[in-house]
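Student: Structure incoming, see below.
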Amino acid sequence: MNFSFRPKINKVKIGITFLGFVVVMTSLFAAFVAVSNWFNEYEVVFQKVIEVKTQSPVRVEKREMVSPVVYVSVEKAIEDAPNIAIAKYIIEKFGNEYAATALAIQKAENGSMNPEAVHINDNATIDVGVFQINTLHFGKDYCGSLREILDPYKNVDCAYNIFVRNGYSFNAWSSYVSDWYKRVLK
């Protein structure tokens with residue numbers, strides 16, 4: 001009697017198992033290559049989650065200089081103005097301290113003092129009238145409607161109100177911010 005035990009080998013099961021093993025190993029290798037390539041291109045950097053910084057409660061900084069009001073001959077500005085009546089109204093409205101700068105800004109914005117002058121800006125707003133009042137100010141209690149702003153005197157009133165609302169500053173006009181108005185003075 002021969003007592004050796006030999007189990008039956010199912011070749012199909014072995015083939016499927018081997019094929020599954022090859023697929024798993026190939027997938028693992030492909031994943032390893034992909035991760036390796038990612039780490040060749042990128043780096044993981046750990047950052048501080050919270051940073052505590054001590055500082056003085058007060059610091060001294062150099063003050064940014066604001067363009068000073070430019071004083072020129074108001075008489076010369078009136079003489080050069082295409083509409084003397086409007087120029088005189090600008091002087092009356094802004095007063096002697098700011099009149100020359102206001103006239104220079106007005107001339108830089110709309111040299112002809114055309115009350116119906118229109119300029120379309122890159123940001124889709126429109127500037128209108130003697131002082132080129134931007135549509136952002138239309139309908140506000142300090143400026144009024146488009147119809148009112150087309151009147152040269154109401155346009156000057158609106159410009160003055162914007163000037164006062166900005167702390168007696170001409171910063172609402174790009175010709176002032178860019179110092180372009182100074183070139184008009186020469």
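Student: Please enumerate the residues belonging to the stretch 83-119 that are within 29 Å of the chain's Cα centre (by Cα) and among the aromatic types (Phe, Trp, Tyr).
Tutor: If the condition is that a residue be within 29 Å of the chain's Cα centre (by Cα) and among the aromatic types (Phe, Trp, Tyr), then Tyr98 is the only one that fits.
Student: When residues of the stretch 135-158 are filtered for being within 23 Å of the chain's Cα centre (by Cα) and either among the aliphatic types (A, V, I, L, M) or closer than 23 Å to Ala85 by Cα (or both), how many remain?
Tutor: 1
Student: Scan the stretch 154-179 and report the pairs whose first residue is assigned to a helix (DSSP H, G or I) and whose second residue is of a type in the set (Asp, Glu), with Cβ atoms within less than 7 Å and a gap of 6+ or a chain change.
Tutor: Sorted first by the residue in the stretch 154-179, then by its partner, the pairs are Lys154/Glu148; Ser175/Glu109.
Student: It is to be established whether one or more residues within the stretch 106-120 are without any contact (Cβ under 8 Å) to a residue 40 or more places away in the chain, surrounded by 12 or more Cβ atoms within 10 Å (Cβ to Cβ), among the polar types (S, T, N, Q) and under 17 Å from Leu150 (Cβ atoms).
Tutor: For the stretch 106-120, residues without any contact (Cβ under 8 Å) to a residue 40 or more places away in the chain, surrounded by 12 or more Cβ atoms within 10 Å (Cβ to Cβ), among the polar types (S, T, N, Q) and under 17 Å from Leu150 (Cβ atoms): present.
Each value in this text was obtained by applying a stated rule to the coordinates, not by laboratory testing. Bear in mind the structure is a predicted one, so any value in this text is a computation, not a measurement. Cβ atoms come from the backbone with ideal geometry, glycine included; neighbour counts cover every protein chain shown.
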